[in-house]
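A quick write-up on the structure given underneath.
The values are calculated or read from the model by the stated rules, or taken from the named source; none is laboratory data. Because the structure is a prediction, the values reported are computed rather than measured. Here the Cβ positions follow ideal geometry from the backbone for every residue, glycine too, while neighbour counts run over all protein chains shown.
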There are 2 protein chains.
Amino acid sequence: MISVLIIGNGNVATHLEKAFLSANTIAVTKISSRKLESIPNAMVTILAVSDDAIATISSNIKNSLVVHTSGSFSMEALKNSTHKGVFYMLQTFSKEKEIDFSAVPFCLEAENDEDYLLLERVARTIGVKIYAVNSKQRKALHVAAVFVNNFTNHLYTIGNDICEKNQVPFEILHPLIQETSEKIKILSPKKAQTGPAIRNDERTIKNHLEGLPKDQRKIYKLITQAIKNGN
Amino acid sequence: MISVLIIGNGNVATHLEKAFLSANTIAVTKISSRKLESIPNAMVTILAVSDDAIATISSNIKNSLVVHTSGSFSMEALKNSTHKGVFYMLQTFSKEKEIDFSAVPFCLEAENDEDYLLLERVARTIGVKIYAVNSKQRKALHVAAVFVNNFTNHLYTIGNDICEKNQVPFEILHPLIQETSEKIKILSPKKAQTGPAIRNDERTIKNHLEGLPKDQRKIYKLITQAIKNGN
């Protein structure tokens, strides 16, 4: 039995607790980051709090191994005097949607092999995709995640707006969105590219630009140019 | 039995012929757009050629109903003197990947109800998602498709590049990409948005921008600003 303490109240903390509760070999406790007067002891303490709170909260923890779940902060952001590590799940968590942890990549880091293996055992109770990722790599992954998740989602928002403005259901675009996201498992995204930019189809590009509001036109122009430049 | 003639040699023509061949109620023939000396007769003639070739090729066809498959061209781009229509499949077709036509939205347009119903019957032999979409709506959908498909795919390319540069496998991002594309079936993309831009997390944004090459930095800045602006 591995004792795990989760500190936090957000989506990550909530989903993680739920998953560990159904794992036989984990004894999980969860506390709010606002109730740090008496922190329960645990073999692994997971700080699932906002990035800005990591330093302050960790400095109050005496438990043997303390890890954070942040994609952008290095392991050294932890200020506990005991062992440090990172337990970063590269997935988007929302309150409204269940998480399938078997599809979540766990990016783990620790100061020594023993701690790493403990984190790996913990991750393996709920997940299957486990990667050793150092702080520099994790930071890069976090930036990449912003592009493929937040920015992509913004492009979906634009797609939705255009549909609404023209009285066509956004669901017409769902299969294309799905296919685009699945194609890259078979082809590299560079090879998978299609459309007016890669074809240098200036007439279609001009045609598209004419109908767009200013903010959307800027994005259209910039990404079209980037596709043409090949980077 | 409905006779269908496909004119074209590209991915759309190839995938479409294959699908019709397995439909019991369709007699399909396919010819190259370079062999127009003797065009076989057919109830529906589908011009699956590049946009620029639509006018010239259609002007040579005497068959009763001629449709094109272009997202960006209007029905009037056809120059046959018989009936016109559009048979636009809003999906990305590549040589290397099979198409599941049951997931493809068919956007149909015709000059009269009889022709529309014939196109619908043809589409229904291979598909299930069928929409009446006029030329203005189709043009808007085509622009939206560029955002959610080509531009999204470019963001995947950037994600891939960042991974390669940092020696982490791109597959770590696949589940996030998948989840992002599926979330919007449950939540609107606007509501689904997460990340540093929507949180106004200036420290993370600054941190991310510092490590990016110029072209990627421009895209990061512009989309971050658009997310902050809420459009």
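One table, with the values for the structure above:
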| quantity | calculated |
| --- | --- |
| Some residue of the range B:139-162 being among the aliphatic types (A, V, I, L, M), touching a His at 6+ places or on another chain (Cβ under 6 Å), under 30 Å from B:E17 (Cα atoms) and in a helix (DSSP H, G or I) | yes |
| Residue within the range B:107-128 that is under 16 Å from the mean Cα position of the chain (by Cα), within 14 Å of chain A (Cβ to nearest Cβ) and of a type in the set (V, I, T) present | no |
| Residue pairs meeting the criteria (Cβ under 9 Å; at least 6 apart or on separate chains; first within 25 Å of A:P169 (Cβ to Cβ), in the range B:175-202; second among the aromatic types (F, W, Y) and outside any helix (DSSP H, G or I)) | B:T194/A:F93 |
| Meets criteria (within 8 Å of chain A (Cβ to nearest Cβ) and under 26 Å from A:D100 (Cβ atoms)) for B:K165 | no |
| Restricting the range A:207-231 to residues that are facing chain B (nearest Cβ under 7 Å) and within 26 Å of the chain's Cα centre (by Cα), the residue that is surrounded by the most Cβ atoms within 10 Å (Cβ to Cβ) | A:I223 |
| Set A:T204, A:T194, A:T180: member being facing chain B (nearest Cβ under 7 Å) and part of a loop (DSSP other than H, G, I, E, B) | A:T194 |
| Test result for A:K84, at the interface with chain B (Cβ under 10 Å from one of its Cβ atoms) and buried (at least 18 other Cβ atoms within 10 Å of the Cβ) | no |
| Filter result for the condition that a residue is modelled with pLDDT of 95 or more, farther than 13 Å from B:N150 by Cβ, touching a strand residue (DSSP E or B) at 6+ places or on another chain (Cβ under 8 Å) and not in a loop (DSSP other than H, G, I, E, B), over A:L118, A:L209 | A:L118 |
| Residues (out of contact with any strand residue (DSSP E or B) (no Cβ under 9 Å at 6 or more places or on another chain) and not in a helix (DSSP H, G or I)) located in the range A:39-78 | A:S50, A:S59, A:N60, A:K62, A:S72 |
